[in-house]
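Visitor: My questions will all concern the structure given below.
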Amino acid sequence: MRGLRKLTSLFTKVPKNFARNSNSNATAAEKSTLVKGKSPSKKPQTLGGSKEIVNTHSIASVLICDGARNTDSLGFDSQDQDLQIPWGGIGEPTNLHYMQSRKVIARERKQKVVYKNTINRRFADIVNLCGDKLGADDTLNIFGKLGRDTGLKEYNACIEVCINSAKKSFDEEESLQRIYDAYQILRAMKEHGVQIKETTYGPLLRYFVETGMVEEFEFFSKFITEVNPGAFSRVGYYEMLLWTKVGNEDKVQELCNSIGVDNVGCELTENYLLALCERDRDEELVKLLSVIDVTKVSSQDYLSNIFESLGKRELKNFAEKFILALKASEATEEKLSHFIYSYAISIPVLVVEDAISEFEKLHEKFHVPPSSFSYEELFRYCCKFREVHAALDIVDKMDELGFPISLEKFHQLLDAVEESRELDLVRPVYSRICRHNSDPSSETFRRMINLLVRMKDFEGAYNMLSNMEEMGLRPTTVMYNAIMAGYFREKNIRGGLMVLNQMKNADAKPDSLTYSYLIANCESEEDLVKYREEMQSSGIQQTKPVYMATINAHVKFGQFEKAKKVVADLVPSQCINEVKSVLVSALASHGQFSDALQLYKEIKQTGLRVEPKATLSLFDHFQSDGELDRLMELLGELSDSDYWFDGCGRIILYCVRHNLLSSAVDLLKKLKDIDELSSYAVVNQAFAYLSEAEPTAVEVGLDFLRAVKEEVGLHPSRTSLDFLLSACASAKDAKRAWLIWEEYQKAGLLYNVLSYLRMYQVLLICGEFEAANIMLKNIATDDPHVRCIIQRSAAIFGASKCRSSKKNKKKKKKSIASVM
């Protein structure tokens, strides 16, 4: 790359930016003031050059774009000069106002914490927005014009702007200019006594590594180590990453060989080791592991990374060697336990239970008691992989050892129960909560009630409400809503209404969600009117779920005009397109397809987005021949990948139904390129349809099978072939059944009991009794269900004729033999 020569020429020019920062004539007082983080009395030190740029009003007009952001969201406030955040203490509270004073103190503390947590993020947002809107040059000049002091945070943010601009630019000159700007920032930091830490130079060096800019890397790394000699070892980490990235094996070996006896255990070795771990350079990694002294590794995080790498590569000998060395060096038991955990969970071939077993074996082997922290990490590891049984075992062990278990841990466990869909495990989780004497909160009960309702254990959910009351907790409306929704999902209207009465008895006031459930499941128009009047008298505001439920209820009772009036009376808001989309779906599903399509077009004409579910509801009504173009148009409206896959599958089924195989193949190719697994599911659905279609569909199925194999490049699944065999049984087509039978072998699929049974039935139906009996011999009859299917098939499809015909043939042969 000619970059270094161009970059060097840039460095020899008078700096375009940072003219003020790089001024060597700055007074000692000014420099001293900058080091302390204050602005000098004469002029504020800035990141900008001397040239004037847009004023602050112009800047604000750029920052506030399209009404999407306001000054508050960016951290600006027109009243900033007058805003006094009370950082100091608050006067002693009197006895009369003690509680109020405590609330004030808590609120002020919260303001302080929120301010500290958000100020960095807001400033970074401002810098990034300026970089996008104004460009890097003006962004680097803007902060001095705004009168902001220059500190490490500002320098880092501006370097990030330079890096992002260089990444986005396709022009080499522009990229080099941005690199030059970053160099000037580093120079300014040096001159003003701001230490150049890894938070500053790390992103810059990593950018050079990612882009393979060797000469630029060497130039900057030399400058950084001269300014900050303590950064030498960390720069070595990036250097090793660079040489492995660009494939310079000589340099990699040179760095590895540079680690001599005198350097064993130094920070440079650690950083080389970490870089090799990151690049999966096993040969060089083992070489350094053989010479490193782990007792001299400077950081516990580095040691954890080393043990994780040992686990990934299954280098158990090194792991045990290092544990012994650390134990001999009097490392704490808690640290040793953590390193064992890092190793055990990183072994790739182990499932969670095996990782836990390895964790326990190593602790026992080296006589290291597991620490509370390691058990907590192991618990989170189990929850991450949804291994609820293993997590429960960890809870039991922690309980035995007397380790504390916070309520938040049980919440994580309940989340894992939900994600694993092993809902019945909510009961053992609750028993652990009670056994551990943890006082469950309302949130704990809410989670458990939701899980019990999902598994249709309404009695268990009510028991949870009773347990809450015994513990002095009051059941909430949200909990009753969950139970009510569960009853309605099961079409148990009586149960849902019973919950409403219990809410009233418990003085839990129904909310808008409660009434949305009641309206959606009301059985008469009178009930609908009653619930809406109750809402109005209770002062409950109508929400999006209420509007949607009302529309569905009106459509269910055939009151289509009233449903449309709900939308017409809506004040334009954020949810109007969602409510209109519900009306589209409701009309389409109740036979009012022309009205649904008209409303769909109106929504599109106004520029609003139709919800994907509403768009999909229209797919099922374009089923007559000649509607492919309209279906493809609807598919183009689906931007969400999940809904697009669904819509694509429906169109493929439409194409198979109407023998438009070329179009089906084209869509399958697109689907395969995005998600091959989804394409197999769609193919299976298509063959499932063919198994229930007219007998003539078998020929279409074979053509589709050939296209899937030869044009799309998918191997037919066992499910698809099973469906095709069923289609042959319906069509009484033994000839094509034998062709499909051969496809199992071509696809590398072994015949199983189900495939033998299906082929047996096809042969019986087609009257090929001899072949059916031969097929029957391959079917294992140990399973009573299999024997039942065979007996039923014989009774229905006439296998008795097969046996009687065989007996007649034998008798005929005997009579002929006797005659002869």
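The values are calculated or read from the model by the stated rules, or taken from the named source; none is laboratory data. Predicted model only: the values in this text are computed from it and were never measured. We place every Cβ from the backbone using ideal geometry, glycine too, and count neighbours over all the protein chains shown. We work out accessible area using only protein heavy atoms, side chains counted, and drop any ligands, DNA or RNA first. Shrake-Rupley method; radii C 1.70, N 1.55, O 1.52, S 1.80 Å.
Visitor: For region 385-449, report the accessible area per residue in Å² (1.4 Å probe, heavy atoms, rounded to an integer).
Guide: On a per-residue basis, 48 Å².
Visitor: Calculate, axis by axis, the spread of Cα positions in region 150-229 along the three principal axes, and write the results as whole Å, longest axis first.
Guide: 34, 24, 17
Visitor: Which residues in region 298-314 have a backbone N closer than 13 Å to a point placed 7 Å from the Cα of ASP282 along the Cα-to-Cβ line?
Guide: Within reach of a label on ASP282, which here means backbone N under 13 Å from a point 7 Å along Cα→Cβ, region 298-314 contributes 310-314.
Visitor: Something else now. For region 483-603, what relative contact order do you get, as a whole percent, if you take Cα pairs closer than 8 Å and at least 6 residues apart?
Guide: Here the relative contact order equals 17 percent.
Visitor: Using a probe of 1.4 angstrom, how much of the accessible area of region 182-251 is carbon and sulfur, in percent?
Guide: Using a 1.4 Å probe with all protein chains present, region 182-251 comes out at 48 percent carbon and sulfur.
Visitor: Using alpha-carbon pairs under 8 Å, 6+ residues apart, how would you state the relative contact order of region 584-737 in percent?
Guide: 16
Visitor: How many percent of the accessible area of region 536-634 is carbon or sulfur, using a 1.4 Å probe?
Guide: Its accessible area is 50 percent carbon and sulfur atoms.
Visitor: At 20 °C and 1.002 mPa s, what whole-number value in µm²/s does Stokes-Einstein give for the translational diffusion of region 362-412, with Rh from the Kirkwood sum over Cα pairs?
Guide: The calculation lands on 189 µm²/s.
Visitor: Would you rank VAL194, VAL291, VAL368 by solvent-accessible area, highest first, keeping every protein chain in place and using a 1.4 Å probe?
Guide: VAL291, VAL194, VAL368
Visitor: Shifting gears a bit: Give the separation of the Cα centroids, region 173-233 to region 433-455, in Å.
Guide: So the two Cα centres are separated by 53 Å.
Visitor: Taking a 1.4 Å probe, which of GLU320, GLU768, GLU694 shows the most accessible area, and what order do the others take after it?
Guide: Putting GLU320, GLU768, GLU694 in descending order of accessible area: GLU694, GLU768, GLU320.
Visitor: Follow-up question, since we're still on this one. How much of the accessible area of region 662-758, probe 1.4 Å, is carbon plus sulfur, in whole percent?
Guide: Its accessible area is 51 percent carbon and sulfur atoms.
Visitor: Here are some pairs, LYS613/LYS672; LYS321/LYS365; LYS190/LYS222; LYS504/LYS530; LYS580/LYS601; LYS153/LYS197; which of them have Cα atoms lying more than 18 Å apart in this structure?
Guide: Result: LYS613/LYS672 exceed 18 Å.
Visitor: A further question follows. Give the Kirkwood hydrodynamic radius (Å, one decimal) of region 492-556, defined as one over the mean of 1/r across all pairs of different Cα atoms.
Guide: 11.9
Visitor: Which whole-percent values make up P(r) of region 615-658 when all C-alpha to C-alpha distances are grouped in 5 Å steps starting at zero?
Guide: 5, 26, 39, 21, 8, 2
Visitor: With no solvent and one equal point scatterer placed on each C-alpha of region 519-602, evaluate the Debye formula and give log10 I(q)/I(0) for q = 0.21, 0.23 Å⁻¹, two decimals.
Guide: The Cα Debye sum returns log10 ratios of -0.97, -1.14.
Visitor: Per residue, how much space in cubic angstrom lies within the convex hull of the C-alpha atoms of region 419-553?
Guide: 117
Visitor: OK, next. Across every pair of different alpha-carbon atoms, what Kirkwood hydrodynamic radius in Å does region 570-650 reach?
Guide: Across region 570-650, the inverse of the average 1/r is 12.9 Å.
Visitor: Hey, another quick one. Can you pull the three principal axis extents for the Cα set of region 544-583, in Å, largest first?
Guide: Cα extents, longest axis first: 28, 16, 14 Å.
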